Amino acid sequence: MKILLLEDEFMLARSIRTYLLSRGHLVDHYDNGQEVLDVIESKMHDFYILDINTPLVGGLECLKAIAQRYPDVPKIVISAYHDIDYISDAFDLGCSDYLKKPFNLKELDIRIQRLSAQSQQNAEPASDPVIRLSDRYTFNKETNLLYYDDTVQKFTKREHALIVLFVSNLGQVMTDESIRSFIWDGEDAEASTIRSLVNRVRQKLKEELIENMRGFGYIMKKGDLG
């Protein structure tokens with residue numbers, strides 16, 4: 001899933017982001033509410049995690065804007081506030097759940113899974129888990145496996161993570177920083193290392209699904225569909 005995280009406490013945000021990445025999610029982190037308001041107009045996420053007390057614009061104002069634009073997308077508010085008025089305001093503005101700090105990351109994961117499952121059950125009609133990338137390539141979103149003529153394609157752990165990243169962002173340019181953040185969790189990875197990883201995946205693919213957008217990054221586009 002693509003998750004938006006609004007949290008201004010650096011260490012907590014890093015812990016949440018690292019954990020969610022390990023669970024296979026894509027995470028866009030923002031440390032102030034104004035950035036969130038700027039991005040929600042043009043970019044939709046599958047899940048929102050919002051702190052209340054954030055710089056420039058508070059989390060509740062962001063929640064209100066998100067709920068108006070994406071009423072059916074799950075939203076969790078996280079906060080050190082235990083006052084019932086804050087909790088009541090959050091639910092009145094459209095939050096799906098409220099998690100008090102400090103909390104266990106496993107508890108956050110459980111709530112994300114529960115709310116996501118409820119959201120999918122309420123969605124009609126159910127979306128097809130199979131993405132057809134070309135006449136011969138398909139990707140199953142439930143298993144995160146790539147198929148060629150119904151045969152599972154084998155990749156190393158990082159190669160597979162790169163495939164997941166590209167398929168989750170079809171038609172969008174993935175910069176070196178995006179790849180580094182998802183696969184190496186923001187740790188140092190030189191451009192040559194990233195380029196080598198992308199080239200290995202491209203060589204293993206039997207069709208040119210990944211293009212090099214020189215000076216910008218890489219993009220996966222659907223191939224020929226008969």
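Every number in this text was worked out from the coordinates using simple rules, so none of it is lab data. No experiment lies behind these values; they were computed from the predicted model shown. Virtual Cβ from ideal backbone geometry, glycine too; neighbours counted across all protein chains shown.
Worth pointing out:
- Pairs beyond 29 Å (Cα-Cα), from 101/141; 64/222; 43/141; 101/154; 106/157; 106/204: 101/141; 64/222; 101/154; 106/204
- For the pair residue 191 and residue 173, the difference between a 0.36 nm per residue extended length and the Cα-Cα distance amounts to 4.9 nm.
- R0 of 41 Å, Cβ-Cβ distance residue 140-residue 107: FRET efficiency to nearest 0.05: 0.90
- Given charges at beta-carbon only (K, R positive; D, E negative), |dipole| of the chain in Debye: 960 debye
- If R0 is 41 Å, the Cβ-Cβ spacing of residue 149 and residue 41 corresponds to a FRET efficiency of close to 0.50.
- Count Lys and Arg as plus one, Asp and Glu as minus one, and take only other residues whose Cβ is under 10 Å from that of residue 5; the net charge is then -3.
- Measuring nothing but alpha carbons in the stretch 2-122 and taking Rh as the Kirkwood radius, the Rg to Rh ratio lands at 0.92.
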